[in-house]
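Read the structure below first, then the notes.
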Amino acid sequence: MSLQTKIIIEKNKFFQHLAILFGDVLVAILIVLQFSINVGYANRSQTLLALLLGLILSFFLYINYKLKWQTYTYLLVALVSSLLNLLFIEGAEFLLIGYDLLICFPIALYFVKGNYNRWFWRIFSIALAIFVINKYITSTDIFKYQIFPNASRNYISVFMIFAMFLFCISEVKYKNALRNLFVFAVVSFMASIMAVGRGGIIATGFLLVVIILILFRKSSLKTKGLLLLLLCIFLYVSVINLDYILDNYFVRFTKDNATGSNSERSYFVTTYLQTMIVNPLYILFGVARSSLSQYRVLNFHNSYLQFHFTYGLIQMLISANLFISSLRKLYSNERFTIFAIGLCFLVRAMLDMLFPAHLLSIVLYYFCLLSTENGDGV
């Protein structure tokens with residue numbers, strides 16, 4: 001090989017690394033902007049910048065990667081469903097659909113199709129987790145409830161789940177990925193307990209159980225014995241300190257305010273479903289905004305209702321089918337880290353708004369695009 005050929009190869013490698021870095025930085029900026037929009041930090045100019053950068057990312061992805069027809073069909077159905085919702089129901093907001101399809105969708109597509117630097121996203125995920133936990137610890141709110149302008153302490157677990165998702169996509173090729181996720185999940189569980197968030201405690205606790213079961217299934221006899229010993233110690237400490245733990249960390253499961261909050265959330269769900277079944281259009285396209293005037297804000301504390309409200313039944317069923325299909329294939333291919341995060345995400349989505357038009361829409365679309373783009377090779 002001549003010296004000139006070596007120089008050309010080195011130049012090509014340099015430009016390839018530069019292109020990967022550019023893509024990672026662009027997506028990281030978009031994630032920060034979408035995070036700012038969700039928690040109430042972003043102003044109008046930052047919102048417009050996020051939409052513009054989302055368009056730029058979409059353009060480069062659609063130009064540089066050959067996408068399968070299933071992906072285009074999925075995106076087309078989402079666009080048509082949202083437009084029909086706006087036309088017949090006037091339920092969703094055009095700007096929220098823009099956040100979803102112009103920011104979150106291309107970011108998810110980037111993580112499925114793009115060549116990204118895994119160390120970059122490993123560091124980014126840890127930095128995000130540290131920022132969220134530190135935001136709670138240093139909050140000046142006397143009750144530490146309203147951590148962000150538009151997000152309460154309940155959303156600490158939501159952002160921790162997103163951080164774990166980013167960590168998982170950076171760890172997917174590494175031998176100890178599941179053990180590393182276990183450590184991250186323990187931190188997330190402790191953060192959820194610290195924030196007294198029921199949804200987070202349930203979801204991250206469930207994630208820990210899933211990870212332990214998978215580790216137990218794949219581990220040697222010695223490791224299984226160690227896991228059982230740790231479990232026994234944990235249960236023993238929990239039992240002898242049960243009253244203290246319940247009174248100080250699980251207060252929202254045991255006190256009167258938990259009952260009131262549960263009643264309110266049940267009211268949201270039952271009212272939405274009762275309103276939906278009286279009109280076939282509402283079933284197909286989502287419930288009209290005018291029929292939900294009794295809600296203080298259009299946050300149903302349930303992502304599945306929120307998704308139906310925005311896109312209607314058809315897009316909801318398609319997304320559910322793709323998501324479940326990806327989970328099944330991930331488990332078959334022993335990609336247990338992403339599989340575990342997917343289950344945790346589904347549990348947490350039942351208890352708060354994680355999608356659409358939210359940062360965790362990226363997780364939803366990532367799993368859907370794994371099916372449309374990769375098929376059995378997820």
Original post:
Residues of the range 96-133 being more than 23 Å from V187 (Cβ to Cβ), in contact (Cβ under 8 Å) with a residue 60 or more places away in the chain and among the hydrophobic types (A, V, I, L, M, F, W, C), which ones?
Top reply: L96, I97, I103, C104, F105, I107, A108, L109, V112
**OP:** Go through the range 201-220 and count every residue that is more than 18 Å from A185 (Cα to Cα) and either in contact with a Ser or Thr (Cβ under 7 Å, 6 or more places away or on another chain) or modelled with pLDDT of 75 or more (or both).
**Re:** 1
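Based on what the data block shows, is I283 part of a helix (DSSP H, G or I), modelled with pLDDT of 85 or more and out of contact with any Lys or Arg (no Cβ under 7 Å at 6 or more places or on another chain)?
So I283 fails the test.
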**OP:** Examine the range 289-303 for a residue that is modelled with pLDDT of 85 or more and surrounded by 21 or more Cβ atoms within 10 Å (Cβ to Cβ), and state whether such a residue exists.
**Re:** yes
Original post:
Does at least one position in the range 315-325 carry a residue that is modelled with pLDDT under 85, surrounded by fewer than 21 Cβ atoms within 10 Å (Cβ to Cβ) and either among the β-branched types (V, I, T) or not in a helix (DSSP H, G or I) (or both)?
Top reply: no
Original post:
Does the range 263-274 contain any residue that is at pLDDT below 80, within 22 Å of V209 (Cα to Cα) and not aromatic (F, W, Y)?
Top reply: no
**OP:** Mind listing whichever residues of the range 123-142 are over 18 Å from I201 (Cα atoms) and either assigned to a strand (DSSP E or B) or touching a Phe, Trp or Tyr at 6+ places or on another chain (Cβ under 6 Å) (or both)?
**Re:** S125
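Looking at the structure I just gave you, is Y62 at pLDDT below 90, closer than 23 Å to L370 by Cα and out of contact with any helix residue (DSSP H, G or I) (no Cβ under 6 Å at 6 or more places or on another chain)?
yes
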Subject >> Subset tally (residues that are outside any loop (DSSP other than H, G, I, E, B), more than 21 Å from V27 (Cα to Cα) and under 12 Å from the mean Cα position of the chain (by Cα)) for the range 346-378 >> reply: 4
Original post:
Any chance the range 143-158 includes a residue that's free of Cβ contacts under 8 Å to residues at least 12 places away in the same chain, assigned to a helix (DSSP H, G or I) and over 17 Å from L359 (Cα atoms)?
Top reply: no
Original post:
Conditions: (1) closer than 27 Å to H308 by Cβ; (2) at pLDDT 85 or above. L87 meets all but one. Number of the miss?
Top reply: (2)
Subject >> Scope the range 353-378; condition surrounded by 24 or more Cβ atoms within 10 Å (Cβ to Cβ), touching a Ser or Thr at 6+ places or on another chain (Cβ under 7 Å) and within 16 Å of I156 (Cα to Cα); matching residues >> reply: L354
**OP:** Please indicate, with yes or no, whether at least one residue in the range 107-121 is β-branched (V, I, T), part of a helix (DSSP H, G or I) and closer than 19 Å to S170 by Cβ.
**Re:** yes
**OP:** Scan the range 171-184 for residues that are at pLDDT 80 or above and either in contact with a Gly (Cβ under 9 Å, 6 or more places away or on another chain) or more than 15 Å from L343 (Cα to Cα) (or both) and jot them down.
**Re:** R179, N180, V183, F184
Subject >> Matching entry among S82, S45 (being exposed (fewer than 14 other Cβ atoms within 10 Å of the Cβ) and at pLDDT below 90) >> reply: S45
Original post:
Quick check: anything in the range 119-128 within 22 Å of L317 (Cβ to Cβ) and of a type outside the set (D, E, K, R)?
Top reply: no
**OP:** Would you mind stating whether L346 is more than 17 Å from V209 (Cα to Cα), in contact with a helix residue (DSSP H, G or I) (Cβ under 8 Å, 6 or more places away or on another chain) and either surrounded by fewer than 22 Cβ atoms within 10 Å (Cβ to Cβ) or modelled with pLDDT under 85 (or both)?
**Re:** no
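The values are calculated or read from the model by the stated rules, or taken from the named source; none is laboratory data. Since the model is a prediction, treat every value here as computed from it, not as a measurement. A quick note on method: Cβ atoms are made from the backbone with ideal geometry, for glycine too, and the neighbour counts reach across all protein chains shown.
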